[in-house]
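To start, the structure itself, in structure tokens.
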Amino acid sequence: MKCFELWTHDDGAGQRSIWPGVVELRDDYYNDLIQHGVPYDPRAYAALAHSALSQGVYLMLCYRLHKLNAKGLKVTWKQWQEQFGHEYSGPDALRNFKDRFIPAVKDALSVYADANVEIVTGGLMLKKSRPAVSKIIGSS
């Protein structure tokens, strides 16, 4: 199956959807997903279901940590806020963001045992880590 209908164009009240109702999955998109897929443990992801932020942090760590070089990478709180906390504003925005983000990081680390992440002055130090799973399920 290369395409499927997601929803109908007419909602029954004469309103037409502004989005197309059919999605076509092309080979180049599929190949990109296979080549750049994120190896994650669905059980770990499910354990974080109480927090979308924790899930997002977990997936980002799964994607990034195993690709780092030996030196690692420091990511500042401001950079994290730009990625995960754009809704925070005002004079206390960064502090308010950190107050929510740090617990989400700790949640993510609780289910990704091999993650090599350290909370440091000014942000997080990310270091090369083993992937969250040793093999993508269903791959050869």
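Name the residue that is modelled with the lowest pLDDT, counting only residues in the range 27-46 that are of a type in the set (A, V, I, L, M) and within 13 Å of L59 (Cα to Cα).
Of the residues in the range 27-46, the ones of a type in the set (A, V, I, L, M) are 33-34, 38, 44, 46.
So of that shortlist, the ones also within 13 Å of L59 (Cα to Cα) come out as 38, 44, 46.
Working: V38: 81, A44: 96, A46: 96.
The residue in question is V38.
Looking across the range 109-119, the residues that are open to solvent by 40 Å² or more (accessible area, probe 1.4 Å) and either of a type outside the set (D, E, K, R) or within 13 Å of M60 (Cα to Cα) (or both) come down to L109, S110, V111, A113, N116, I119.
Among the criteria (1) modelled with pLDDT under 80; (2) hydroxyl-bearing (S, T, Y); (3) open to solvent by 90 Å² or more (accessible area, probe 1.4 Å), the one S17 does not fulfil is (3). Within the bounds of the range 66-80, is there any residue that is closer than 21 Å to N116 by Cα and of a type in the set (G, A, S)? The answer is yes; a qualifying residue exists. Say we look at the range 68-99 and pick out the residues that are open to solvent by 50 Å² or more (accessible area, probe 1.4 Å), within 16 Å of the chain's Cα centre (by Cα) and not acidic (D, E); which of these is modelled with the lowest pLDDT? Ranking the candidates gives H86 first.
The values are calculated or read from the model by the stated rules, or taken from the named source; none is laboratory data. None of these values were measured; they are calculated from a predicted model. The accessibility values were calculated without ligands, DNA or RNA, using every heavy atom of the protein model including side chains. Shrake-Rupley method; radii C 1.70, N 1.55, O 1.52, S 1.80 Å.
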